[in-house]
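Have a look at the structure below, then the notes.
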Amino acid sequence: MRNIFTLILIILTVALAVSYSVNFYTGKKPTELPVQISELPKSAAPAFQIPDTDLSLLPEEPDMANTDVYTRVNDLEKSISAKLSIIARSSNNKEVIARIDQLSKQLENDVTLVLAAVNKKEQWYRNEFYQVLAGLLAVFVLFTAIMIMGYVSLKKFVAQSLMIRGIKPATVSAEDAENPVLAAVGAVAAKLAVKIGDNRYLFDADKAVRLTTVQKNILSEITDELLFLDKAGSKLSPEELYLLGVERLNEKNYTEANALFEHIKKDDPEFAAAWYMTGYIAYLNKKYDIAAENLAKACVIEPENDTFQSTYGSTCLRLKRYSEAAAALEKAATIKPDDAAVWNNLAHAYIVSGETEKAAEAFRKAADLKPDFHEALHNLGLALGRLNRQEEALAAFEKAIAAKPDKHESMYNAACLYAILGKREGALKNLKKAIELSPEYAKKARTDKDFESFANDAEFKAIAG
């Protein structure tokens with residue numbers, strides 16, 4: 001009940017307050033202030049006419065609470081009117097008007113110049129914008145054209161490559177032959193197969209590293225066609241990669257050749273020729289450990305290959321692995337008994353192992369197979385000399401000199417044997433020739449025990465010094 005009474009009291013209070021406010025602003029008419037706006041004094045001929053303007057800032061019904069403000073505004077109005085009157089009386093109308101016209105014309109001219117400059121600048125910016133826009137448009141068109149052309153070419157190349165890889169080029173079917181690209185690849189592959197078949201010597205390791213000029217030209221023709229097939233997308237076989245490696249090897253481009261052979265070894269670990277070529281390149285570069293490792297693998301894959309066995313044996317000689325060298329070279333001599341070089345190397349393996357008799361026989365075998373093999377003849381003379389078979393040794397040296405007239409090593413050794421056998425003329429003749437070819441033999445002869453019997457020989461002293 002008390003809450004209801006309080007609510008009614010609040011409502012009545014608000015109603016009274018609203019009623020009072022309405023009466024104050026609308027129901028009561030305020031008393032007008034006695035405010036008068038002074039008029040400008042009128043002269044008979046005013047120098048300057050001020051337009052009739054209502055300068056009164058007072059509302060028709062001013063707020064009574066702002067009476068002081070209205071009064072101050074009225075006073076300000078009177079002050080302004082008085083000052084305007086003074087200005088009007090002291091001004092020369094003609095001068096002012098003329099000055100205003102002058103300023104107006106000058107202002108109009110300045111505005112014209114400014115507008116012209118602005119228009120010119122805008123035109124320059126507009127031209128620059130159009131030029132840049134045209135350049136960007138040209139670049140865009142060019143880029144688009146390049147992209148389209150590249151896309152078309154790439155699409156065509158990929159499609160053709162996929163088709164090529166999907167078939168064996170050497171056996172293109174009748175349906176595939178209708179495609180000009182596949183037809184061209186097939187024709188080259190067929191032609192290449194014939195060439196490779198006609199030049200199987202390229203797969204003979206011994207011949208492949210010693211090609212003649214004509215053979216190199218043939219190989220170059222083959223590799224050109226291989227490169228065409230490779231660019232066309234055809235996967236090259238290990239044999240074809242081997243031929244590329246052989247060409248690089250004959251060009252002494254050992255780095256690329258070795259890379260090709262290593263690639264073949266990964267794809268086909270049983271490709272013996274690739275192991276041999278890798279070992280051969282290592283041998284040429286005096287990396288005998290690597291050479292022996294690869295050559296041994298080649299010998300395991302193809303144990304009946306005399307070139308593999310012979311090269312492996314020579315490499316073992318370099319590494320002073322004499323027993324392995326002898327075994328490999330014996331195997332090579334068994335496979336190819338008419339190879340003088342194999343017998344000569346086998347003889348070396350025997351002689352460094354202390355098997356002089358075997359060495360002499362092997363050197364003789366090499367010399368018999370190749371009569372002008374001066375190296376084998378010279379080594380035969382040395383082996384027979386160790387065996388105290390002087391007459392046979394002297395004959396071997398004489399044959400070496402006949403095979404190579406400037407063989408000063410054989411000349412000196414022959415001179416020594418002639419001296420031991422008491423044959424003065426032969427000894428001095430060969431010694432003189434040896435010293436003429438290589439002067440260091442003079443000093444050696446003066447201290448050599450083989451020439452002790454010539455200590456008091458005047459001609460010997462004249463020759464040896």
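Results, tabulated for the structure shown:
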| quantity | calculated |
| --- | --- |
| For the range 218-348: accessible area per residue (Å², 1.4 Å) | 46 |
| Unsatisfied cross-links (Cα-Cα over 30 Å) in the set K297/K399; K216/K287; K423/K443; K207/K365; K265/K320; K407/K443 | K297/K399 |
| Equivalent-ellipsoid semi-axes of the range 342-382, from the Cα gyration tensor, Å, largest first | 16, 9, 7 |
| Alpha-carbon spread of the range 319-439, three principal axes, descending order, Å | 45, 25, 24 |
| The range 258-366: trypsin sites (Lys or Arg not before Pro) falling in loop per DSSP and having at most 11 other Cβ within 10 Å | K286, K320 |
| Whole-Hz couplings from phi, Karplus 6.51/-1.76/1.60, listed for the range 376-382; x for Gly and Pro | 5, 5, 5, 5, 4, x, 5 |
| Selected from I218, P269, T315, residue furthest toward positive end of dipole (the range 180-324; charges at beta carbon) | T315 |
| Volume per residue of the C-alpha convex hull in the range 188-230, rounded to whole Å³ | 65 |
| The range 212-275 pair-distance distribution - Cα-Cα, 10 Å bins, rounded % | 23, 52, 25, 1 |
| The range 340-431, accessible surface, carbon-and-sulfur percent (1.4 angstrom probe) | 49 |
| Rg followed by Dmax, in Å, when the range 259-313 is reduced to its Cα trace | 10.0, 27 |
| Gyration tensor verdict on the range 376-452 (Cα atoms; rounded if a/c is under 1.5, prolate if a/b is larger than b/c, oblate otherwise) | oblate |
| Loop-located trypsin sites (Lys or Arg not before Pro) in the range 372-465 whose Cβ has at most 16 other Cβ within 10 Å (DSSP) | R389, K423 |
| Three-way shape call for the range 298-373 based on the alpha-carbon gyration tensor, with the a/c threshold at 1.5 | oblate |
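The values are calculated or read from the model by the stated rules, or taken from the named source; none is laboratory data. Keep in mind the model is a prediction, meaning the values are calculated, not measured. FYI the Cβ positions are ideal-geometry reconstructions off the backbone, even for glycines, and counts take in every protein chain you see. These accessible areas exclude ligands, DNA and RNA; they are computed on the full protein's heavy atoms, side chains included. Shrake-Rupley method; radii C 1.70, N 1.55, O 1.52, S 1.80 Å.
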